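Chemist: Sending over a structure as structure tokens; questions will come in a sec.
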Amino acid sequence: MPVLRPGAFRSGSLVDDLERLSRPEAALPDEDIVSVLVKYFHAYIYPGSEGHCVSLGEISELFWRFCGLWREGTPDRPDDLGLRGTTGYALRMLADLPKTGHIFRSIAGRPAMSGDVRDGYVGLDLGTGTGVLLLAAYLQARRHGARRCDLLGVEYDTVVAERTGQMLERLGVGRVVAADARDAQAYIELVDGPITFLANETIPAMNQRMQSEHFSAIHAAVFKAASGRLRDTVFFPEVLVAVEPKSDASVVLSRQNRFQVPKYYRHESVFPRAVIIEGRLAALTRLGKDFPRLIPPQVRRFLPRRW
């Protein structure tokens, strides 16, 4: 069973796709985005395949084997796919194609920037995982004419950081440092100048309290270390909306409050519910709503869930 519907997959190598989509005049349809994601997935597991034309059949076979790792009775183990440590869990987020596709599109296809990036673009991806959002930032920079890109991913898991760093280096996208993103001094001076783009991927799942992840603590550390470099920064998420269920009160985390839960609610159970993405408020349950048409329903039922 192919992981994408007929017509949704673009033939050619991942390297060629990125070169084509980097051009400012190139369209960025959803079909190209899901093709990039599944090719990136394949190349992350099989280094070197980014430079070759890998068929949808080959990608689909690997995708099904990967998804089967979390099903009872599967003959495969992570080691059989060359996955060490927690690398497989990072890939599960990438393999949620609809949600990752929506987020990727919002970054790579951003229509306007707050400043001129042609002379330099600096991007940070905190909790970078597989680095796919850093890849989206790379396309954002190139599509806006940036002649110099300095992209850095920060990942706490040393095994994941090493593998992702190798992947991004092969693509000429950026680099990854193994560090705790709450310790901004460990990485903030590794990039120079104003920060153009900053992604914080440590958003808790909808059934987890905001305090279960370090989303706000990471933002607090970055703002403390480099607030003067964040004046024109584009953030992902732009805004995160959380809810306190007992009172049904909503709290808004944005650059205006440095993405902090208001003091009154810090000892309450506050859960993430929505983000502003592509200029619109979208419930986390509605992320990726444009992408299911590209993925057969039999496949969608077995996809991992990002949140």
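The values are calculated or read from the model by the stated rules, or taken from the named source; none is laboratory data. This structure is a prediction, so every number in the text was calculated from the model and none was measured. Neighbour counts run over all protein chains shown; Cβ positions are idealised from the backbone, glycine included.
Chemist: Filter segment 115-147 down to the residues that are within 15 Å of the chain's Cα centre (by Cα) and β-branched (V, I, T) and list them by number.
Modeler: T128, T130, V132
Chemist: Right, here's the next one. Determine if segment 213-224 includes at least one residue that is surrounded by fewer than 17 Cβ atoms within 10 Å (Cβ to Cβ) and part of a loop (DSSP other than H, G, I, E, B).
Modeler: So far as segment 213-224 goes, no, none of its residues is surrounded by fewer than 17 Cβ atoms within 10 Å (Cβ to Cβ) and part of a loop (DSSP other than H, G, I, E, B).
Chemist: Can you go through V234, V191, V241, V299 and tell me which one is β-branched (V, I, T) and out of contact with any strand residue (DSSP E or B) (no Cβ under 9 Å at 6 or more places or on another chain)?
Modeler: V299
Chemist: Within segment 21-79, track down each residue that is of a type in the set (A, V, I, L, M), under 21 Å from the mean Cα position of the chain (by Cα) and within 22 Å of R105 (Cα to Cα).
Modeler: Matches in segment 21-79: L21, A27, L28, I33, V34, V36, L37, V38, A43, I59.
Chemist: Sticking with this structure for a sec: Considering only residues that are more than 16 Å from A8 (Cα to Cα) and of a type outside the set (G, A, S), which ones fall in segment 42-62? Can you show your working first?
Modeler: First, the residues of segment 42-62 that are more than 16 Å from A8 (Cα to Cα): 42-52, 61-62.
Those that are more than 16 Å from A8 (Cα to Cα) and of a type outside the set (G, A, S): H42, Y44, I45, Y46, P47, E50, H52, E61, L62.
Chemist: Where in segment 1-119 are the helices (runs of 4 or more DSSP H), entirely inside, with at least 2 residues that are at pLDDT below 95 and within 28 Å of T233 (Cα to Cα)? So that I can check it myself, show each step before the final result.
Modeler: On the way: elements: 14-21, 30-45, 56-68, 87-95, 97-108.
Result: 87-95.
Chemist: Take segment 112-161 and flag every residue that is aromatic (F, W, Y) and farther than 21 Å from L18 by Cβ.
Modeler: Y156, the sole residue that qualifies.
Chemist: Another question, then. Please specify each residue of segment 1-53 satisfying the condition of being of a type in the set (A, V, I, L, M) and within 12 Å of I295 (Cα to Cα). Reasoning before the result, please.
Modeler: Our first condition is that a residue be of a type in the set (A, V, I, L, M); within segment 1-53, this holds for 1, 3-4, 8, 14-15, 18, 21, 26-28, 33-34, 36-38, 43, 45.
If the condition is that a residue be of a type in the set (A, V, I, L, M) and within 12 Å of I295 (Cα to Cα), then M1, V3, L4, A8, V34, V38 are the ones that fit.
Chemist: Step by step: first the residues of segment 104-134, then only those that are crowded, with 22+ Cβ neighbours inside 10 Å and among the polar types (S, T, N, Q), then the one that is nearest to Q166 (Cα to Cα). Which residue is that?
Modeler: Filtering segment 104-134 for residues that are crowded, with 22+ Cβ neighbours inside 10 Å and among the polar types (S, T, N, Q), the one nearest to Q166 (Cα to Cα) comes out as T130.
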